[in-house]
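Asker: Before I ask anything, here is the structure I am working with.
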Amino acid sequence: MEEIKMVDLLGQHNQIRQDIDSAIKSVIDSSAFIRGKQVKTFEENLARYLGAKHVIGCGNGTDALQIALMALGLEPGDKVLVPAFTYVATAEVIALLHLVPVMYDVNPRTFNTDAQVSLEYMDEFVDERTRAIVPVHLFGQCSQMDAILEFAHRHNLKVVEDCAQALGSKCTVGDKELFAGTIGDIGCTSFFPTKNLGCMGDGGALITNDDALAERIKMIANHGQKVKYHHDLIGCNSRLDTIQAAVLDVKLRHLDEYISARRKAAASYTRHLKAFDPLERYVCTPAECDFTTHTYHQYTLIVKDREKELSQDKSTRDVLKAFLAEKGIPSMIYYPLPLSRQAAFQNIAKKREDFNPEAEDSLHNSEFLADHVLSLPVHTCLQEDQIGYIVEAIKEFYLSANL
Ligand SMILES: *Cc1c(COP(=O)(O)O)cnc(C)c1O
């Protein structure tokens, strides 16, 4: 059996090495490293794949989120709703623009924004300064977009989807199946190498069906100019490199295969784990919602605490992680802290308690998840024998204890 890796970028690259080499060579030959023709070609191809009107490349996924909020014309002090259980970038850009991140909780089984948990109590503190919501499609599954759109409509909020982990996932909205990132006002994605569609460095994109927003986004990403050296808006310098666009255009042709490989690995994990009878008492395998496909950017377990570790003041999740590591199995904790426990947000972010003194523990799911999640290796080259080995190791962990 080959060494088990959390992600296997080289394995993926080896399958398409020649096409990537020639794509890169053609950029070098043209030497149009910035705003070369491959950027436009890739933007158009991705827009066609997603069924979106506009895709605008930019420097990375974090920039995409920042540019989206800038394009929506929010004013300093405006509030933006954001889940507490996400990668920091989602909320960082809100704070960076002197907007106020208002954190809400996520569903504890899907890790995402939903009607029952997240939106349930937000009516009570959304006011005229609340201008936008940034749902995240975490780990490859979409947040509950129909409920989010209804909520946003009711409160006149803009919707910016963070689909950095869910490019290629589809969500049912009304009678349509739409790609993640094409449902709200703007979708923001990342081409960080390990994402569903990854490049060989940094890259990102914004997705929108709104012509006027697309125009503003293009300007903001390019120093606020439409005509060279004529700056109408304050913008930034955030471009998708031509070389990265050329690489992405090759890999886009394989995105469906990559997604199938991830889904196959995930289905295999779940089948094996569910067949192991006592496991359900200890571990939750990822829940699949009926309104969204799951592209398994991560395969994330919830590891419950057992008496055995609790009595020693330890976390079962951490003990399992160490046990797997000893057997040569990498695993990761996405994310060990919710936003509410990040030092940088202590004096910046708000939560339900800040508006309703009687509310308490409004982010308890996010806090629980940070202490109990464990992501197993999942990538496009993961082999069945490797999955079998990982599952056997997990079984051994639970069988070696007093079941
Ligand atoms: C990766 C990621 C980002 C940021 O993307 P970068 O390209 O690394 O800047 C934002 N949000 C989420 C949820 C991510 O996973």
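Asker: Among (1) surrounded by fewer than 17 Cβ atoms within 10 Å (Cβ to Cβ); (2) farther than 21 Å from LEU399 by Cα; (3) not acidic (Asp, Glu), which single condition is SER311 missing?
Answerer: So the condition that SER311 fails would be (2).
Asker: When the residues of the stretch 79-96 are narrowed to those that are away from the ligand (no atom under 11 Å from the Cβ) and under 16 Å from LYS158 (Cα atoms), which ends up farthest from the chain's Cα centre (by Cα)?
Answerer: Looking at residues that are away from the ligand (no atom under 11 Å from the Cβ) and under 16 Å from LYS158 (Cα atoms), I get LYS79.
Asker: Based on this model, can you work out whether ALA47 counts as part of a helix (DSSP H, G or I), more than 16 Å from the ligand (Cβ to nearest atom) and within 17 Å of THR182 (Cβ to Cβ)?
Answerer: For ALA47, the condition - part of a helix (DSSP H, G or I), more than 16 Å from the ligand (Cβ to nearest atom) and within 17 Å of THR182 (Cβ to Cβ) - is met.
Asker: Would you confirm whether any residue within the stretch 341-348 is β-branched (Val, Ile, Thr) and in contact (Cβ under 8 Å) with a residue 40 or more places away in the chain?
Answerer: Yes: one or more hits.
Asker: Would you check which residues across the stretch 73-102 are surrounded by fewer than 24 Cβ atoms within 10 Å (Cβ to Cβ) and in a helix (DSSP H, G or I) and list them?
Answerer: Result: ALA89, GLU92, ALA95, LEU96.
Asker: Identify all residues within the stretch 49-72 that are open to solvent by 30 Å² or more (accessible area, probe 1.4 Å) and either touching a strand residue (DSSP E or B) at 6+ places or on another chain (Cβ under 9 Å) or under 21 Å from PRO193 (Cβ atoms) (or both); write none if there are none.
Answerer: The answer is TYR49, GLY51, LYS53, HIS54, ASN60, THR62, ASP63, GLN66.
Asker: Hey, among the residues in the stretch 28-38 that are assigned to a helix (DSSP H, G or I) and either in the same structural domain as ILE387 (by TED's automatic domain parsing) or out of contact with any Lys or Arg (no Cβ under 8 Å at 6 or more places or on another chain) (or both), which one's most open to solvent (accessible area, probe 1.4 Å)?
Answerer: By that ranking, first place goes to LYS37.
Asker: For the list (1) open to solvent by 20 Å² or more (accessible area, probe 1.4 Å); (2) within 28 Å of the chain's Cα centre (by Cα); (3) in contact (Cβ under 8 Å) with a residue 40 or more places away in the chain, I need the number of the one condition that ASN356 fails.
Answerer: Just one mismatch for ASN356, condition (2).
Asker: Just to verify a result, which residue in the stretch 252-270, among those that are charged (D, E, K, R) and within 19 Å of the chain's Cα centre (by Cα), is surrounded by the fewest Cβ atoms within 10 Å (Cβ to Cβ)?
Answerer: ASP256
Asker: Which residue, of VAL106, VAL100, is touching a residue at least 60 places away in the same chain (Cβ under 8 Å), within 13 Å of the ligand (Cβ to nearest atom) and more than 21 Å from GLY204 (Cβ to Cβ)?
Answerer: Values: VAL100 fails: within 13 Å of the ligand (Cβ to nearest atom).
The conditions single out VAL106.
Asker: Ok, one more. Can you name every residue in the stretch 198-233 that is more than 26 Å from PHE179 (Cβ to Cβ) and free of Cβ contacts under 8 Å to residues at least 12 places away in the same chain? Lay out the reasoning, then the answer.
Answerer: Filtering the stretch 198-233 for residues more than 26 Å from PHE179 (Cβ to Cβ) gives 223-233.
Passing the criteria: GLY224, GLN225, LYS226, VAL227, LYS228, TYR229, HIS230, HIS231.
Asker: Oh, and also: Only residues that are touching an Asp or Glu at 6+ places or on another chain (Cβ under 7 Å) and among the aliphatic types (A, V, I, L, M): list them for the stretch 359-403, please.
Answerer: ALA359, LEU363
Asker: For the stretch 111-132, how many residues are in contact with a Gly (Cβ under 8 Å, 6 or more places away or on another chain) and either more than 19 Å from GLY77 (Cα to Cα) or in contact (Cβ under 8 Å) with a residue 60 or more places away in the chain (or both)?
Answerer: Looking only at that region, the number is 0.
Asker: Moving on. Go through the stretch 227-242 and give me each residue that's more than 23 Å from the chain's Cα centre (by Cα) and buried (at least 21 other Cβ atoms within 10 Å of the Cβ).
Answerer: Residue satisfying the conditions is THR242 alone.
The rows are residues; the columns are (1) within 16 Å of the ligand (Cβ to nearest atom); (2) out of contact with any Lys or Arg (no Cβ under 7 Å at 6 or more places or on another chain).
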site	(1), (2)
ARG17	no, yes
SER26	no, yes
LYS40	no, yes
GLY51	no, yes
VAL55	yes, yes
LEU65	yes, yes
LEU74	no, no
GLY77	no, no
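The values are calculated or read from the model by the stated rules, or taken from the named source; none is laboratory data. All of these numbers come straight from a predicted model, not from anything done at the bench. Neighbour counts are summed over all protein chains in view; Cβ atoms, including those assigned to glycine, are modelled from backbone coordinates with ideal geometry. The protein model used for the area step is the full one, side chains on, heavy atoms only, and it has no ligands, DNA or RNA in it. Shrake-Rupley method; radii C 1.70, N 1.55, O 1.52, S 1.80 Å.
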